[in-house]
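Each remark here refers to the structure printed beneath this line.
The values are calculated or read from the model by the stated rules, or taken from the named source; none is laboratory data. For clarity, every value in this text was computed on a predicted model and none was experimentally measured. Here the Cβ positions follow ideal geometry from the backbone for every residue, glycine too, while neighbour counts run over all protein chains shown. What goes into the accessible areas is simple: the full protein's heavy atoms, side chains included, and nothing from ligands, DNA or RNA. Shrake-Rupley method; radii C 1.70, N 1.55, O 1.52, S 1.80 Å.
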Amino acid sequence: MNLAAEGKYKIKPDGQILVVDAHGPFTEDITEQYLEDMYDACKALSGKPWGLLATFYGNSVFSPDAEAALIKMTKYRVEHGMIANASVIIDSNLADIQQMQLKRIYHACDVTFHVFADIHAAKSWLTDYVEQRTN
């Protein structure tokens, strides 16, 4: 789904991987819609282990409220079968800050995750990780 000019995102299942492309910055309205769409996507994948491939474009960082909401969402994802996350940060001058935020989110939920600079490498790692744990 694409939203307003301030930010946009797409959420799309690809086998046992849920692919998210996020272009910030995100307003409160966009964040709320994202969370709603993500809840629906998690329900659709529930019942089998799956991984999340999230690609972040640009310099957007999470507000404290957005970070708290993402921790809550990640716990929900885990309850619905998510076993790992591969995050990709592209075209950002703030990648270190973004990576620290992602680390806090995924460590708070005890989820295996890695941050990549390349989508192909991230998808390869995540696909292998999920396959190894479902066979």
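Some observations on this one:
- Given (1) over 21 Å from residue 49 (Cα atoms); (2) in contact with a helix residue (DSSP H, G or I) (Cβ under 9 Å, 6 or more places away or on another chain); (3) surrounded by 15 or more Cβ atoms within 10 Å (Cβ to Cβ), number of the condition residue 104 does not satisfy: (3)
- Residue tally, condition outside any helix (DSSP H, G or I) and closer than 22 Å to residue 79 by Cβ, over the stretch 110-135: 5
- Unmet requirement for residue 30, which otherwise passes all of (1) surrounded by fewer than 16 Cβ atoms within 10 Å (Cβ to Cβ); (2) touching a Gly at 6+ places or on another chain (Cβ under 7 Å); (3) without any contact (Cβ under 8 Å) to a residue 40 or more places away in the chain: (1)
- Taking the stretch 59-90 as the range and being surrounded by fewer than 17 Cβ atoms within 10 Å (Cβ to Cβ) and in a strand (DSSP E or B) as the test, only 90 passes.
- Some residue of the stretch 108-128 being closer than 18 Å to residue 38 by Cβ and open to solvent by 40 Å² or more (accessible area, probe 1.4 Å): yes
- Breaking point among (1) farther than 26 Å from residue 127 by Cβ; (2) out of contact with any Asp or Glu (no Cβ under 9 Å at 6 or more places or on another chain); (3) among the aliphatic types (A, V, I, L, M), for residue 82: (1)
- Within the stretch 42-56, being within 12 Å of the chain's Cα centre (by Cα) and modelled with pLDDT under 95 holds for 42, 56.
- Search result, residues across the stretch 13-38 that are touching a helix residue (DSSP H, G or I) at 6+ places or on another chain (Cβ under 7 Å) and over 24 Å from residue 91 (Cβ atoms): 13, 16, 35
- All conditions in (1) assigned to a loop (DSSP other than H, G, I, E, B); (2) at pLDDT 95 or above hold for residue 93, with the sole exception of (2).
- The number of residues in the stretch 37-84 that are free of Cβ contacts under 8 Å to residues at least 24 places away in the same chain and hydroxyl-bearing (Ser, Thr, Tyr) comes to 1.
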